Amino acid sequence: GRPCTGFCVDICETSGEDSLRAAMRLMPTCWPFPCSWVFLVKKGYQDTDTSLQSSIVTKVKGVTFTNTTELGERLWDVADYVIPPQGENVFFVITNLIVTPNQRQETCAESESIPDAWCYTDSDCPPGEPVVAGNGVKTGRCLRVGNMQRGTCEIFAWCPVESKSRPVKPLLGKAEDFTVYIKNFIRFPKFNFSKTNVLDTKDKAFLKSCQFGPKNPYCPIFRLGSMVSWTGSDFQKIAQQGGVIGIQIEWDCDLDKAPSECNPHYSFSRLDNTLSGNSISSGYNFRFARYYRDGAGVEFRTLMKAYGIRFDVMVNGKAGKFSIIPTIINIGSGVALMGAGAFFCDLVLIYLIKKSHFYRDKKYEEVRSVMLCPQQGEGTLLGPP
């Protein structure tokens, strides 16, 4: 019959190449990155133990000499300035003092610095009522000095009451040369692994001559002034009003390596508020007293308001060791993630980037199929003429 003068075109889309290979070719970092992160950085092939068992022992060493009106000539050793005397993970070193000697229980005027003790008449001092933020209990009398209209309530307390202000120059300013011995025992129970931050040696003179530093990471003898300076603070300033220093010991142990590769890492920080200058929340102090009796049996005490540096030793860490179970789990997760990654890479490449048509042309190819017209008289033409 006559030749066909027209044809029908059927357009279809078939996959030109595997989507995963396309994603790998155009975005080579799409799928290797998660796998590298899991296995190389996060060590996904290891079982981990974060239940660190730790014990801290501290011991301060150093002596200094002072000569003050309240205390006279005095030698200060570790039994005088360290609280508590038994070294723990928290210890306090006295650097400044307000001393009120020879207090005894009797009546006296309350301090003028306490607003609740101000009075104009005896009725402002109801007997038996404690002074808010004060030192004793009101007796019912208002004591005035000279012709002053305002006075202070008489109280029953340890008299005379504390009235002096904080010394401008720290009493134990030389404490920056004191040293502290920080011994840390750690154990990871899951792997039955134990270690300490002290060098394993039989040389008894080692701890008497060494000091912590880059060349002596296993010497646990720290100079107080150095620890304060590592926080960015000045020792004399913090010694005047007190402060809190945090000592962080971090153990990050890869037990697939030799035990000698499991080393402690130290960091030091100032924990009390120092951002707002002389804030009322910065500094650290507390009061304590020492009691005695005279020859007549009358009880006296010396009250001390102690300013100083509180050291908080904090220990944390984790250990990891190869285990087949997390390895299989992370491999399976990685394989699933690669399939999902290829899918999302395709979405980005096809619909979001400016040159998406380039990737679409590479991923999909257009197939044209020509359908010939049937012989004349034998059927109906399927395609348009």
Quiz prompt | Complete set of residues in the range 112-123 that are more than 24 Å from Pro101 (Cβ to Cβ) and either open to solvent by less than 20 Å² (accessible area, probe 1.4 Å) or hydrophobic (A, V, I, L, M, F, W, C) (or both) | solution = Trp118, Cys119
Quiz item: Which pairs do you get when a residue that is among the charged types (D, E, K, R), found in the range 318-337, comes within reach of a residue that is modelled with pLDDT of 75 or more and surrounded by 13 or more Cβ atoms within 10 Å (Cβ to Cβ), reach meaning Cβ atoms under 7 angstrom, with the pair 6+ apart or on two chains?
Solution: Lys318/Thr48; Lys318/Asp49; Lys318/Asp252; Lys321/Gln46; Lys321/Asp47; Lys321/Phe191; Lys321/Leu255
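For the range 46-80, which residues satisfy the criterion of being in a loop (DSSP other than H, G, I, E, B) and under 26 Å from Gly320 (Cα atoms)?
Our first condition is that a residue be in a loop (DSSP other than H, G, I, E, B); within the range 46-80, this holds for 50-52, 62-63, 69-71, 77.
Across the range 46-80, the qualifying residues are Thr50, Ser51, Leu52.
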Quiz item: Say we look at the range 160-192 and pick out the residues that are assigned to a loop (DSSP other than H, G, I, E, B) and among the hydrophobic types (A, V, I, L, M, F, W, C); which of these is farthest from Asp47 (Cα to Cα)?
Solution: Val161
Quiz item: Do we have Pro170 as open to solvent by 40 Å² or more (accessible area, probe 1.4 Å) and not small (Gly, Ala, Ser) here?
Solution: no
Quiz item: Can you name the condition, by its number, that Lys318 falls short on among (1) open to solvent by 70 Å² or more (accessible area, probe 1.4 Å); (2) modelled with pLDDT of 90 or more; (3) outside any strand (DSSP E or B)?
Solution: (3)
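For (1) at pLDDT 60 or above; (2) open to solvent by 80 Å² or more (accessible area, probe 1.4 Å); (3) in contact with a Phe, Trp or Tyr (Cβ under 9 Å, 6 or more places away or on another chain), each residue gets a yes or a no:
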site	(1), (2), (3)
Gly1	no, yes, no
Thr14	no, no, yes
Thr29	no, yes, no
Asp47	yes, no, yes
Asn67	yes, yes, no
Gly72	yes, no, no
Asp77	yes, no, no
Self-check item: Output for the range 219-235, where each listed residue is open to solvent by 20 Å² or more (accessible area, probe 1.4 Å) and not β-branched (Val, Ile, Thr)
Solution: Arg223, Ser226, Ser229, Trp230, Gly232, Ser233, Asp234
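Does Tyr307 count as in contact with a Lys or Arg (Cβ under 7 Å, 6 or more places away or on another chain), assigned to a strand (DSSP E or B), open to solvent by 20 Å² or more (accessible area, probe 1.4 Å) and modelled with pLDDT of 95 or more? It would help to see each step written out before you state the result.
Working: in contact with a Lys or Arg (Cβ under 7 Å, 6 or more places away or on another chain): yes; assigned to a strand (DSSP E or B): yes; open to solvent by 20 Å² or more (accessible area, probe 1.4 Å): no; modelled with pLDDT of 95 or more: yes.
In short, no.
From Asn192, Asn197, which residue is under 30 Å from Tyr218 (Cα atoms) and crowded, with 16+ Cβ neighbours inside 10 Å?
Working: Asn192 fails: crowded, with 16+ Cβ neighbours inside 10 Å.
Going through Asn192, Asn197 in turn, just one is under 30 Å from Tyr218 (Cα atoms) and crowded, with 16+ Cβ neighbours inside 10 Å: Asn197.
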Practice problem: Run Ala175 past the list (1) closer than 30 Å to Leu52 by Cβ; (2) open to solvent by less than 10 Å² (accessible area, probe 1.4 Å); (3) touching a strand residue (DSSP E or B) at 6+ places or on another chain (Cβ under 6 Å) and report the number of the one that doesn't hold. | Solution: (1)
Practice problem: Being under 30 Å from Phe191 (Cα atoms), open to solvent by less than 40 Å² (accessible area, probe 1.4 Å) and of a type outside the set (Asp, Glu) narrows it down to one of Ile245, Ile249, Ile238, so name that one. | Solution: Ile249
Exercise. Test Asp256 against the stated conditions and say whether it is assigned to a loop (DSSP other than H, G, I, E, B), surrounded by 15 or more Cβ atoms within 10 Å (Cβ to Cβ) and in contact (Cβ under 8 Å) with a residue 12 or more places away in the chain.
Key: no
Practice problem: Within the range 124-159, work out how many residues are touching a strand residue (DSSP E or B) at 6+ places or on another chain (Cβ under 8 Å) and either in a strand (DSSP E or B) or loosely packed, with under 13 Cβ neighbours inside 10 Å (or both). | Solution: 21
Quiz item: Looking at Lys195, is it in contact with a strand residue (DSSP E or B) (Cβ under 9 Å, 6 or more places away or on another chain), part of a strand (DSSP E or B), more than 24 Å from Arg310 (Cβ to Cβ) and not hydrophobic (A, V, I, L, M, F, W, C)?
Solution: yes
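The values are calculated or read from the model by the stated rules, or taken from the named source; none is laboratory data. Remember, predicted model here, so these are calculated numbers, not experimental data. Cβ atoms come from the backbone with ideal geometry, glycine included; neighbour counts cover every protein chain shown. Ligands, DNA and RNA are stripped out before the accessible areas are found, and what is left, the full protein with its side chains, is counted by its heavy atoms. Shrake-Rupley method; radii C 1.70, N 1.55, O 1.52, S 1.80 Å.
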